[in-house]
Amino acid sequence: MKINYWTKEEISILEKYYPNLWIKDFYKKLSKRNRYTIAIKARNLGLPSAKLWKLEENKILKKYFAETKMKELTKLLPTRTKTAILAQGERLGLKRNRNKSICGVNENYFKKWSSNMAYILGFIITDGCIVQATRKGHSDILSFGVHIKDIDILEKIKNKLESNHKISTTKSTAYFRITNQKIVNDLKRLKIKHRKTLCENVPPLPKKYIKDFIRGAIDGDGSIYIAKNYPCINFCGGKEMVTFVQNHLLSKLNVYSKIGKRTKAKNKNRFLFSILYKGNTAKKIIHYLYNNSELYLKRKFQKAQDCLKIKIENKEYTKKEEQIIKKLYTNKTKNEILKMLPKRSWRAIQQKSRILNIYKYNIKIKL
């Protein structure tokens, strides 16, 4: 078998072009060699491949990757394609500053408080998310996803954000995403973070917009329904969020319900908390949250209207019953009080005691 040894001329061509050009761009100059044998010979000679990023190229990338247009980047790095530049940027942990979305959106929406802004913020905390996008140097993403039957709320939110992003659908889901670092940065400033499930932070809310924020949160992670002809409103989430809702409703409407710890999440340090209101209390909350509101999830708004139509007899307390509550509520047990007030449920007694400004436990109100 005849061995085709490399000539000095071939090696000279290889040393000149291999470190600077891809094999496909110069292999024809070595007509007797194929791409595989060229790569093997270059490796034996210890030649650096043009595929490998040089120190100088990485310096250029670190300096210009964030702000420079891709057309200019390819001129600064003439041996690199757009895909190669983005991939290397990802490997180096660099991120493109895409402060202007390809699709239009009001980038300043979350800079100024309004009732609709507070609602959308509550909805994002419970049923939206921030996606940390590092792939190919993209900006972070604000993402929404709901059941297909609730697509109306995505259309409303999209309209308020003046967004041109497309709402995508599957058989059971509707969702849309906004890739805009300015919007995501504003949301982070308002304490909305990546991987917030069951550890949500309540943003610093102006008092007049708290009810809109809570309505958005309930539309995202709450429920309104009728059980045995009694209106019910329920909310679940992390402890801070549920406690915030409980304290505000107690302060604003003088209604109270106990928080329950429902289930343990996959993360052993996180729990799902919930709070439930029934009857006239639920009607009072529903009217407060949904009356004269502009932004809401249509399905829950319709259920809220059904709840408000239900008439519940409010049995007046006798003077004797009120005296029993005033004298015994703070120092007798639940069972002892129920025996003295056989016509009343414990929940009803609790509600009456709060109307009378009598509390069995120390309840700290956080506004």
Of the candidates I60, I3, I13, the one satisfying the condition of being exposed (fewer than 11 other Cβ atoms within 10 Å of the Cβ) and among the β-branched types (V, I, T) is I3
Within the stretch 132-145, restricting to residues that are modelled with pLDDT of 80 or more and either of a type in the set (S, T, Y) or surrounded by fewer than 21 Cβ atoms within 10 Å (Cβ to Cβ) (or both), the one that is farthest from I183 (Cα to Cα) is G145
Within the stretch 245-279, of all residues that are of a type in the set (S, T, N, Q) and within 14 Å of N234 (Cα to Cα), the one modelled with the lowest pLDDT is S257
Flagged in the stretch 1-33 as more than 23 Å from T81 (Cβ to Cβ), assigned to a loop (DSSP other than H, G, I, E, B) and polar (S, T, N, Q), in numbering order, are N4, T7, S31
Checked against (1) crowded, with 16+ Cβ neighbours inside 10 Å; (2) of a type in the set (G, A, S); (3) over 24 Å from E67 (Cα atoms), S163 satisfies every condition except (3)
Looking across the stretch 34-49 at residues that are in a helix (DSSP H, G or I) and among the aliphatic types (A, V, I, L, M), the single one that is modelled with the highest pLDDT is I40
Those residues of the stretch 1-49 which are closer than 16 Å to T79 by Cβ and either of a type in the set (F, W, Y) or without any contact (Cβ under 8 Å) to a residue 24 or more places away in the chain (or both) amount to K16, Y17, Y18, W22, I23, K24, D25, F26, Y27
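The values are calculated or read from the model by the stated rules, or taken from the named source; none is laboratory data. Nothing here was measured: the structure is a model prediction, and the numbers come from that model. Positions of Cβ are backbone-derived with ideal geometry, glycine not excepted, and every protein chain shown enters the neighbour counts.
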